[in-house]
Amino acid sequence: MSLQQQVDVKTFLLFINGEWTPATHGETFDVSNPATGELVAKVAKATKEDVNKAVTAAREAFELEAWREMKPEQRSKMLLMIAQKIIANAKELVYLDAISSGGTVRRLSNSDVLQTALFFQTLSKFVLEYPYSETLPMPLFPGPAHNFVWREPIGVCAAITPWNMPMLIASWKIAPALAMGNTIVLKPASYTPLSTLKFAEIISEVVPKGVINVVTGSGAEVGESLAAHPDVDKIAFTGSTEVGRKIMSIAAKTVKNTTLELGGKSPNILLDDADLEIAIPGSLFGVFLHSGQLCESGTRLFVPDHMYDTVINLLVKQTSKLKLGNPLDPSTDMGPVISAKQQEKILSYIESAKKEGARVICGGKKETVPGCEGGHFIRPTILADVANDMKVAKEEIFGPVLSVIRYNSVEEAIEMANDTIYGLAAGVWTKDVNKAYDVARKLRAGVVWINDWHLLRPDAPFGGYKQSGIGREMGKHSLDEYTQTKHVHTSMTPELNKRSWYNILFSNSNDELR
Ligand code: NAD
């Protein structure tokens, strides 16, 4: 894709019941490229009425026996076909995410799009082994009976996704929902709806109409309408903890099944025997990938006091090599942050750190990238002398900012690491595997990386402890999140007089019943 290529400003419509549909009032909103500020697309702005139409289509599709009762073998084939279509459309999906989210083509093409296809492929295997029906042991008391546990789809699932990894996070919801026979209405983030709309097109080629629907628009109107809708059975949300709390309270009114994948402030503990040759680039990879806009970024680095200056020097040396640029240029290491508003927010966090006594030892300011003058770039920033109770160490910044915090004992590091409302990810660097497991056991997080970062797997669960979320995505666990269990009891005691447990109610007829 040429960098000079003129972006063709297309208008994207809503995808409802297998049809491209304009929004009820015909309104659109703009999607622009965070690297250049240029308009890249106009997208239909859905209303509450559009949400109602999408939910009705999803409900009707859910009622189709052919969809709900589809055999695991057929479902497996369907998921595999989607994986193949993702690979066939990889170039376009990468491009759509790059021009809207600011993710580099190097990351999107080497990681996100492959992981997205791999996830569908992984679930295509898991659906074949899934325990749709389990038989429980025959009870001797109070009487013999056959007992099963069946797993059934939940129904109409609504998914609300963030802007940072649009295609990958959408797949974490679409794949298990379809794998288990649900139908889905997605609301992507307004900055990045394009790849999700492309997904609708790809997936609709292999599923009945109404199974997948995409409604684009604001969180306040479209997102809240989905969370409140009485005919939506489940809501799966990924985004900030603040919005997650709001969605949970809205969904509570109709007691919806709710999964939440929320923010993080992940601790990264460097032990004094760490191999610095790997731990330094590894920790920087852990925090600066996608300009620090990944929920599980390692944003707080804990360093032993006696190594502090050495580590700081090595971090700065390596960080200064990072090249900011146009995400479409394969030589770019880091792209922009998502918006001018987010850029200002990040800079204000850096100012607050300075006021609280931290030192900016590299970065800390905007950068102008030639050819991308309208973009929102920030130099990767390292803050030294950060205390764990400073605002910058407590709140999620969602930008390229690393806080380096001293510690004197491993116990102190673990205590500070866990002293946060979040619990999404954590990491430890050491050459001693026993020490690593000891620290990993004590860290309160949904994923712990030992001598690495960011390596999520499609077959391993991902999700947060504490206020980082409820439920798990990926792995076999994600299939459980899109099913509900039904216990079925079949009596094997035809004789009334052997049903001694009826005496609990019929005390006067004890003799008769016996
Ligand atoms: P956000 O919470 O602002 O928005 C997420 C989505 O919610 C968007 O689609 C938005 O339009 C919608 N929304 C906003 N207000 C809403 C409301 N009142 N009702 C319903 N929907 C509403 O988050 P963001 O800025 O798009 O993404 C960044 C956040 O996402 C960070 O906090 C990051 O940690 C988190 N995140 C978490 C994970 C994870 O797996 N835990 C993954 C990626 C991002």
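The values are calculated or read from the model by the stated rules, or taken from the named source; none is laboratory data. Note that the coordinates shown come from a computational prediction; the quantities given were computed from them, not determined experimentally. A quick note on method: Cβ atoms are made from the backbone with ideal geometry, for glycine too, and the neighbour counts reach across all protein chains shown. Note: accessible area is taken over every heavy atom of the protein model, side chains too, but ligands, DNA and RNA are not part of it. Shrake-Rupley method; radii C 1.70, N 1.55, O 1.52, S 1.80 Å.
Observations on the model:
- Options S218, S204, S225, S195: the member that is of a type outside the set (A, V, I, L, M) and within 7 Å of the ligand (Cβ to nearest atom): S218
- The set of residues in segment 290-308 that are open to solvent by 10 Å² or more (accessible area, probe 1.4 Å), within 13 Å of the ligand (Cβ to nearest atom) and part of a helix (DSSP H, G or I) contains only H290.
- Residues that are assigned to a helix (DSSP H, G or I) and within 14 Å of the ligand (Cβ to nearest atom) were ranked within segment 266-289; the one that is nearest to D438 (Cα to Cα) is V287.
- Count of segment 167-192 residues which are within 15 Å of the ligand (Cβ to nearest atom) and either over 13 Å from F237 (Cα atoms) or over 14 Å from the mean Cα position of the chain (by Cα) (or both): 9
- Taking segment 338-430 and the strands (runs of 3 or more DSSP E) fully enclosed by it, the elements with 1 or more residues that are more than 24 Å from H454 (Cβ to Cβ), out of contact with any helix residue (DSSP H, G or I) (no Cβ under 6 Å at 6 or more places or on another chain) and in contact (Cβ under 8 Å) with a residue 12 or more places away in the chain are at 359-362.
- For A436, the conditions (1) within 24 Å of the chain's Cα centre (by Cα); (2) surrounded by 11 or more Cβ atoms within 10 Å (Cβ to Cβ); (3) within 27 Å of Q293 (Cα to Cα); (4) more than 16 Å from the ligand (Cβ to nearest atom) are fulfilled apart from (1).
- G446 vs. criteria at pLDDT 95 or above, open to solvent by 20 Å² or more (accessible area, probe 1.4 Å) and either touching a Leu at 6+ places or on another chain (Cβ under 8 Å) or within 14 Å of the ligand (Cβ to nearest atom) (or both): yes
- Set I184, I174: member being surrounded by 24 or more Cβ atoms within 10 Å (Cβ to Cβ) and not in a strand (DSSP E or B): I174
- Scoring T24 on the criteria (1) out of contact with any Pro (no Cβ under 8 Å at 6 or more places or on another chain); (2) assigned to a helix (DSSP H, G or I) leaves a single failure, condition (2).
- Annotation: T483 fulfils all but one of (1) buried (at least 18 other Cβ atoms within 10 Å of the Cβ); (2) of a type in the set (S, T, Y); (3) in contact with a helix residue (DSSP H, G or I) (Cβ under 8 Å, 6 or more places away or on another chain); the unmet one is (3).
- Those residues of segment 324-338 which are among the hydrophobic types (A, V, I, L, M, F, W, C) and open to solvent by less than 20 Å² (accessible area, probe 1.4 Å), in sequence order: L324, M334, V337, I338
- Pair list, Cβ under 6 Å, 6 or more apart: segment 451-463 residue farther than 19 Å from G423 by Cβ, other residue aliphatic (A, V, I, L, M) and more than 15 Å from the ligand (Cβ to nearest atom): P458/L118
- Here P142 passes the criteria (1) open to solvent by 10 Å² or more (accessible area, probe 1.4 Å); (2) part of a helix (DSSP H, G or I); (3) of a type outside the set (A, V, I, L, M); (4) in contact with a helix residue (DSSP H, G or I) (Cβ under 6 Å, 6 or more places away or on another chain) except the one numbered (2).
- Residues in segment 233-265 that are assigned to a helix (DSSP H, G or I) and near the ligand (Cβ under 9 Å from one of its atoms): T241, E242, V243, G244, K246, I247, I250.
- Residue under evaluation V311, criteria (1) surrounded by fewer than 20 Cβ atoms within 10 Å (Cβ to Cβ); (2) part of a helix (DSSP H, G or I), criterion not met: (1)
- For the residues K341, K317, K321, K355, the requirement of being open to solvent by 20 Å² or more (accessible area, probe 1.4 Å), at pLDDT 95 or above and within 22 Å of P34 (Cβ to Cβ) singles out K341.
- Qualifying residue in segment 147-167 (condition: over 27 Å from H489 (Cα atoms), assigned by TED's automatic domain parsing to the domain that holds P72 and in a helix (DSSP H, G or I)): yes
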